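Working notes for the structure below.
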Amino acid sequence: MTTPPDINALERRTLIYIHVPKAAGTTFSDIIEQNYPAQEVLTILHQPGRTIEDFMRLPIEERKRPRVIKGHFPFGLHEHVPRPCTYITILRDPVERILSHYHYVLRTPEHYLYDKVAGSKMSLAEYAGNPVTTELDNGQVRMISGCGRFVPIDQCGEQHLQQAKDNLERHFLFAGLAERFDESLLVLKRLLEWKQPFYTRKNVTDHPNASAVDRNVVQTIREKNQLDVELYAFVSCRVDEFITQRYELPAFQSELKAFRAANSRRD
């Protein structure tokens, strides 16, 4: 485990947040926006004038301006930012992420998959067994490794998993977990000297959890996303190590309990 980062050095870096779809990203993005002036945050979107390609075409001084860049894009954006960068992200249990993704698509007519999925009355089993997009084919490994959508479905392999692990170790300040959201927030609060990161969950998709879904479907999701399963386990271990090696556990647990109580009173 590396030594704690120098906050002054972090101030001189651009913070890049990789927003994994259906991994608490909308809520997390709001927290980021609470902690930085609006003019210092750039959100990359799939809209004319807001894409990665648009960003890459900006003059150097404009690409240096944001303190934070966030959005649905794979690792690698730092290569186009003319100043030092560091990454953060939040991952989610692969089964829960796919379940949430499916139900979100069904309820969102403007989603690019809506017509294909809702129009054909595609079942969850079909959605899980025959990925219609790279987002559902080890999508988290794809984003963290940097291969994104450029590797065909069923072609994401061990080399991409290893690249994702290497990127996490070399380029990420911290990778948290949606299932340990509050712990992840408190770690980032300390690392980045954020104000208290109170939040209300946003863009939450109600869906049956894995325990209520046919076990064959769950197994199919795991098999189709085995690399994501391994990456999630890797990050889970890193979160444990990060907390136990850097913080006094009783004090951290007390802070966590107090934060949850205070945040719940705001709902």
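Quick notes
- For region 2-11, the count of residues that are assigned to a loop (DSSP other than H, G, I, E, B) and either under 26 Å from HIS103 (Cβ atoms) or at pLDDT 95 or above (or both) is zero.
- For region 63-79, the set of residues classified as in a helix (DSSP H, G or I) and in contact with a helix residue (DSSP H, G or I) (Cβ under 9 Å, 6 or more places away or on another chain) consists of ARG63, LEU77, HIS78, listed by residue number.
- Condition check for GLN245 on (1) modelled with pLDDT of 95 or more; (2) part of a helix (DSSP H, G or I): one failure, at (1).
- Out of ALA262, ALA233, one residue alone is assigned to a helix (DSSP H, G or I), among the small types (Gly, Ala, Ser) and touching a Phe, Trp or Tyr at 6+ places or on another chain (Cβ under 9 Å). It is ALA262.
- Matching residues, region 222-242, being over 19 Å from the mean Cα position of the chain (by Cα) and either free of Cβ contacts under 8 Å to residues at least 40 places away in the same chain or buried (at least 16 other Cβ atoms within 10 Å of the Cβ) (or both): GLU223, LYS224
Residue-by-condition table, conditions (1) within 24 Å of ARG107 (Cα to Cα); (2) of a type in the set (A, V, I, L, M, F, W, C):
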site	(1), (2)
ARG170	no, no
ALA178	yes, yes
ASP182	no, no
THR200	yes, no
HIS207	yes, no
SER211	yes, no
ARG215	yes, no
GLN219	no, no
LYS224	yes, no
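- Sole residue being more than 20 Å from ASP93 (Cβ to Cβ) and exposed (fewer than 11 other Cβ atoms within 10 Å of the Cβ), chosen from LYS189, LYS195: LYS195
- Unique residue being assigned to a helix (DSSP H, G or I), within 20 Å of the chain's Cα centre (by Cα) and not hydrophobic (A, V, I, L, M, F, W, C) when the list is THR26, THR43: THR26
- Figure legend. Inter-residue proximity from region 25-47: first residues without any contact (Cβ under 8 Å) to a residue 12 or more places away in the chain and within 21 Å of ALA175 (Cβ to Cβ), second residues surrounded by 14 or more Cβ atoms within 10 Å (Cβ to Cβ) and of a type in the set (A, V, I, L, M, F, W, C), beta-carbon distance below 9 Å, spacing 6+ or different chains. Indicated pairs: GLU33/VAL41; GLU33/VAL68.
- Applying the criterion of being small (Gly, Ala, Ser) and touching a Pro at 6+ places or on another chain (Cβ under 6 Å) to the residues of region 113-157, the residue that is nearest to SER100 (Cα to Cα) is GLY148.
- Hits in region 206-218 - residues which are farther than 18 Å from GLU135 by Cα and either of a type in the set (A, V, I, L, M, F, W, C) or in a helix (DSSP H, G or I) (or both): ALA210, SER211, ALA212, VAL213, ARG215, ASN216
- The residues of region 80-118 that are more than 22 Å from ALA178 (Cβ to Cβ), in a helix (DSSP H, G or I) and without any contact (Cβ under 8 Å) to a residue 24 or more places away in the chain, listed by number, are TYR114, ASP115, LYS116, VAL117, ALA118.
The values are calculated or read from the model by the stated rules, or taken from the named source; none is laboratory data. Since the structure is predicted, the reported quantities are computational estimates derived from the model, not experimental observations. All Cβ positions, even for glycine, are placed from backbone atoms using ideal geometry, and neighbour counts span all protein chains on display.
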